[in-house]
1. Calculated FRET efficiency, L24 and S80, Cβ-Cβ r, R0 22 Å, to nearest 0.05?
2. Rounded to the nearest 500, what is the 222 nm mean residue ellipticity of the chain from helices alone, with -39500 (n - 2.57) per DSSP H run of 4+ residues and division by all residues?
3. How large is the charge dipole for the chain, taken about the Cα centre, if only the Cβ atoms of Lys, Arg (+1) and Asp, Glu (-1) carry charge, to the nearest 20 debye?
4. Anyone know which of V36, V55, V124 comes out most mobile in the 10 Å Cα GNM of the chain?
5. How high is the relative contact order of region 49-107, in percent, counting Cα pairs under 8 Å that sit 6 or more residues apart?
6. Pull up the DSSP beta bridges for the chain and report the antiparallel fraction as a percent, rounded to 5.
7. Evaluate 2.2 N^0.38 Å with N set to the residue count of region 27-79, then give the Cα radius of gyration divided by it.
8. With each label point set 7 Å from Cα along the Cα-Cβ vector, what nm distance links R125 and R112?
Amino acid sequence: MDFAARITTAAPGTAGEAAPTDPLLIRHHRTGAAEVAFAVPSGGHLLHLALATCVFNDLHGAAGARGIRLGRVEVRADGSFDDALTRSTGIVLDVEAEAEGAATGDLDRLVREVVDAAVIVRIVRASADVRLASVVVRTTPPAA
């Protein structure tokens, strides 16, 4: 896979700080800040980042609607293109999500539902294979 892109919840306290050159720190409407990483930006990287960002955004929205408090979230999208650069050879998504006080089964189900419903994922799936390769969820007990 040649065009990997990733979006991750930024470390607490990084919003508004100077953006590092790698990864890129961006302002995010749901988390305050997020990190974006890809090797050398190209259209392929940005396509994959669009899928990763769509899942990232929707995961935060759906979790909030269900009362699940997410911690660190990382969505990676990777794939390649045929030799003629006319068709995707497929895109693979990997999602890691941490939440406080949620059951791992509930969090896993939430991730899978979000990936299936994500608008950009559905649009790209109309012309290319997009599959969820892995889901890693972690939960912690609620803070006292």
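1. On the way: r = 22 Å, r/R0 = 1.01.
Result of the calculation: an efficiency of 0.50.
2. On the way: 3 runs with 44 residues, N = 144.
Result for the chain: -10000 deg cm²/dmol, rounded to the nearest 500.
3. On the way: 14 positive and 18 negative charges, 82 e Å.
With Lys and Arg at +1 and Asp and Glu at -1, about 400 debye.
4. Result for the chain, Cα springs under 10 Å: V124 fluctuates most.
5. Working: 73 pairs, mean separation 19.8, N = 59.
Averaging sequence separation for qualifying contacts and normalising by length gives 34 percent for region 49-107.
6. Working: 24 of 34 bridges.
Of the beta bridges lying entirely in the chain, close to 70 percent run antiparallel.
7. Working: Rg = 12.0 Å, N = 53, 2.2 N^0.38 = 9.9 Å.
Scaled against compact globular proteins, the figure is 1.21.
8. The modelled label-to-label distance comes out at 1.3 nm.
The values are calculated or read from the model by the stated rules, or taken from the named source; none is laboratory data. Since we're looking at a predicted model, the values are computed, not measured. Because the Cβ atoms are built from the backbone with ideal geometry, glycine has one as well, and the counts that use them run over all protein chains shown. These accessible areas exclude ligands, DNA and RNA; they are computed on the full protein's heavy atoms, side chains included. Shrake-Rupley method; radii C 1.70, N 1.55, O 1.52, S 1.80 Å.
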